[in-house]
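Take a look at the structure set out below.
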Amino acid sequence: MHETAFQIFVNALLANNFVLAMFLGLCPFLGVSGKLDTALPMGVATTFVMLVASLCAYGLNLLLTAFHLEFLRLISYIVIIASAVQLVEMVLKKYSPALFRALGIYLPLITTNCAVLGVALFQTAREYDFIQSMTFSLGGGAGFTLALVLMASVRERLQLSDVPSLAQGTALSLMLAGILSLSFMGFAGLGG
Amino acid sequence: MSAEHLPIDQAPATPTGAMIRTLGLVSAICGLIIVGAYQGTYDAVAANKRIAMERAVFKVVPAAKSIEEYLAKADGGIAKAGAETPAGAIRFFAGYDEAGKLVGVAAEGSARGYADIVRVMFGYDPACQCVRNIGVVSMRETPGIGDKILVDRAFLENFKELDARLTADMKALANEIKTVKHGSKTGAWQIDAIAGATITSRAVGRAINDTAQALLPRLAPNLDKIGSKS
Amino acid sequence: MSDVSTTGHWDQFMEGIWRQNPVFVMVLGMCPTLAVTVSAVNAISMGVATTFVLACSCLLVSMMRNVVPKEVRIATYIVIIATFVTAVDYIIQAISLALYDALGAFIQLIVVNCIILGRAEAHASKNRPAVATYNALGMGVGFTIGLLALGSVREVLGAGTLFGVSLFGANFQPWVIMVLPPGGFFVLGAWLLFFAWHARRKERQLREAGQHA
């Protein structure tokens, strides 16, 4: 079956949203979604790293398959993602200090974001070609950003409302995430 | 944490040689563990995969007692399947009865359903040129709605004898296999959708049609080659 | 934490199960927690796999704690964890392919489960192998219990079964949303609410007991 790039993008963005339907990248989703000003840069930084990781993983997988070393896939993916994050950090610092200041603090956190490793693993499992892999990671990153921004906006408004003290904190965030996830279920079938 | 504070960027308190030695040692230990686990489980994993595949094939070709795996190559030829599938080739399974006579062919197709991709295995009977049975390899459709394709009697009735004849020049199916709205089935090549689960039903139809359109024209001229168990 | 007797081992073990339960108290490792807990069987399998990786990695990290230079320690931990995850990946495939398909990519994603890296860095790298292993086992069991609490509730409500056994007979109308993604968020949120309520009630009882005395 051949999926068009557009279908893959829409599905990763909405119908199978990385955070709300596939449960990838929940730690930053619950941790960094308190404020809108931090949610957006975090999402953009993650999307960027996901693209780089997807690119590296695609090349690496060609290499591993050629030498029949599939059992080293996981370990090499995680190492290459960690190195890619380091590299992105160094390049940004040298060539775009402004962007580095905006994104810098989030970059080290992204190494252990399972959305990034998830992109690499899913594109391999689904045997996506180069273009498909790129759109998949772009859609996944955009979906992550969308979920993060939505969640942050809701939580900012909730600070002004009278929430029972028992429910404050993670429990409330989870309930909100559940409602968001419920509404994203309405997108199912969109990429058909 | 900015880059300046990362341990890696600090003036090394440990000589580089020691770091490389340690990393080498760790890699060696880890390499041993991974290769050990891979080798130790290789036979069991291969056996499991074969059993799972055989179970799926026997489900859609119930008359089969043994199966062989083939590739229908892009140039129209047929070959025994190896570990890899070359570009453009379609993997399929030929099922044989006790006497070693071909009783059916099984192949897999996939299409996007409601929630995610639906992968379907279907059985093709060369004698009647029709699709006989289907089985779902994997899906994530809504429980209670989309997963009716597994159990809905009326829906499964479609695959008792689903017409998959080829045109006279054997280039394509005479009639496209298509899922139609519930209650509007008119031809033997149509699939009557489950009311309320039209998208999933359509995915099943598309999955079968895509694979059948590609596989059957290559299979038809070569049927005698796989006609009996080699 | 260096003074360890037999009770010390027990304490190390129990810490992860109750006081610092990774699911309900620390709220770590959320991705697999929510993704695979659509049934009790999946929950237990994921828990056991994670416990295995956690215990083996912590043991190895602890054994090597004096030879690994601090500059490369994180890299070392990640490589060690990835190794054991790869091993578990193959072991599960060898045991049951159906289970492997049900858990999907989340077996490999154990690598980035923050519980494991957190334990390796915060505990195993500072303690003797025996202590580290007991603590890791406790964390693993605590994680498994958390997964099971979610998985069984979701399976009972969403499918009317527990460990695949039908509970309510044929007329039960399953609450399907519970086995879909939103259900995972709702059930975990409800559990957290329950624990918050429990803690508050206990606090009040203690206070009242103090006033009466």
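The values are calculated or read from the model by the stated rules, or taken from the named source; none is laboratory data. Predicted model only: the values in this text are computed from it and were never measured. Cβ coordinates were reconstructed from backbone atoms using ideal geometry, including for glycine residues, and neighbour counts include every protein chain displayed.
Descriptive notes on the structure:
- Residue check for A:Met151: under 30 Å from A:Ala57 (Cα atoms), assigned to a helix (DSSP H, G or I), touching a residue at least 60 places away in the same chain (Cβ under 8 Å) and facing chain C (nearest Cβ under 9 Å): no
- Considering residues of the range A:38-75 that are surrounded by fewer than 18 Cβ atoms within 10 Å (Cβ to Cβ) and among the small types (Gly, Ala, Ser) only, the residue modelled with the highest pLDDT: A:Gly59
- Contact map, the range A:164-182: residues that are facing another protein chain (nearest Cβ under 7 Å) and in a helix (DSSP H, G or I) paired with residues that are basic (Lys, Arg) and surrounded by fewer than 19 Cβ atoms within 10 Å (Cβ to Cβ), Cβ distance under 9 Å, separation 6+ or inter-chain. Pairs shown: A:Leu166/C:Arg200.
- Helices (runs of 4 or more DSSP H) within the range C:54-146 that include 2 or more residues at the interface with chain B (Cβ under 9 Å from one of its Cβ atoms): C:73-95, C:97-103
- Here C:Ala82, C:Ala49, C:Ala94 are screened, and the one residue that is crowded, with 23+ Cβ neighbours inside 10 Å and free of Cβ contacts under 8 Å to residues at least 60 places away in the same chain is C:Ala82.
- Among the residues listed as B:Lys80, B:Lys59, the single one being among the charged types (D, E, K, R) and at pLDDT below 85: B:Lys80
- Taken over the range B:125-165, the criterion of being in a helix (DSSP H, G or I), in contact with a Phe, Trp or Tyr (Cβ under 9 Å, 6 or more places away or on another chain) and among the hydrophobic types (A, V, I, L, M, F, W, C) is satisfied by B:Ile149 alone.
- Criterion (crowded, with 20+ Cβ neighbours inside 10 Å and of a type in the set (Val, Ile, Thr)) met by exactly one of C:Val25, C:Val61: C:Val61
- Lone qualifier among A:Leu14, A:Leu20 - being at pLDDT 85 or above, assigned to a helix (DSSP H, G or I) and over 23 Å from B:Val204 (Cβ atoms): A:Leu14
- Per the listing B:Ala79, B:Ala107, B:Ala111, B:Ala115, the residue uniquely assigned to a strand (DSSP E or B), within 14 Å of chain A (Cβ to nearest Cβ) and either touching a Ser or Thr at 6+ places or on another chain (Cβ under 7 Å) or surrounded by fewer than 16 Cβ atoms within 10 Å (Cβ to Cβ) (or both) is B:Ala107.
- For the range B:196-220, taking the residues that are farther than 11 Å from B:Ser110 by Cα and in contact with a helix residue (DSSP H, G or I) (Cβ under 9 Å, 6 or more places away or on another chain), the one that is surrounded by the fewest Cβ atoms within 10 Å (Cβ to Cβ) is identified as B:Gly196.
- Boolean, A:Ser83 is within 14 Å of chain C (Cβ to nearest Cβ), surrounded by fewer than 19 Cβ atoms within 10 Å (Cβ to Cβ), part of a helix (DSSP H, G or I) and not charged (D, E, K, R): yes
- Residue that is surrounded by the most Cβ atoms within 10 Å (Cβ to Cβ) [pool: residues in the range A:163-176 that are in contact with a Leu (Cβ under 7 Å, 6 or more places away or on another chain) and small (Gly, Ala, Ser)]: A:Ser173
- Pick from the range B:10-67, criterion within 22 Å of C:Val88 (Cβ to Cβ), polar (S, T, N, Q) and surrounded by 13 or more Cβ atoms within 10 Å (Cβ to Cβ), ranking: farthest from the other protein chains (Cβ to nearest Cβ): B:Ser27
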